[in-house]
Amino acid sequence: MTPRQSNRRLVPAYLATSGRALPSRNTLDRLSLLHSSGMPVTSDVRPEERRILELLQPGALSLAEVAAHLHLPVSVVKVLVADLVDAGRLFARVPIPEAEQFDRQILERVLDGLRSLKS
């Protein structure tokens, strides 16, 4: 058996979500930062969800990092994470948007002003 074959899942990924393809919330992004709420893990938590909670015990991870650790597609992990957020077991913070582009003219005027102070 090759190393690639040994990492292969025996159960299809969609079974981890009970066949659901869409998460209950559309605010999750692959860069969403996830951290545990600290709730105790009970017997009603599915194995995949339990693994997510275990991964987040040391600290926060992005949704994409969790997917990589679990060897599951991001789309599947989104469904699992949405369920955990809905149950209050996880907190998810949306990614911070990129800074807006500054107006080039304003930057040039500031630079000109700084140059005039220097002379």
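The values are calculated or read from the model by the stated rules, or taken from the named source; none is laboratory data. What you see is a predicted model; the values in this text were computed from it and never measured. FYI the Cβ positions are ideal-geometry reconstructions off the backbone, even for glycines, and counts take in every protein chain you see. Accessible surface is based on the protein model in full, side chains and every heavy atom, while ligands, DNA and RNA are left aside. Shrake-Rupley method; radii C 1.70, N 1.55, O 1.52, S 1.80 Å.
Points to keep in mind about this one:
- Carbon-plus-sulfur accessible fraction, the range 25-119 (probe radius 1.4 Å, protein heavy atoms only): 56%.
- With R₀ set to 30 Å, the beta-carbon distance separating Leu107 from Leu31 gives a calculated FRET efficiency near 0.60.
- Label-point separation, Val41 to Val94 (7 Å along Cα→Cβ), nm: 3.0 nm
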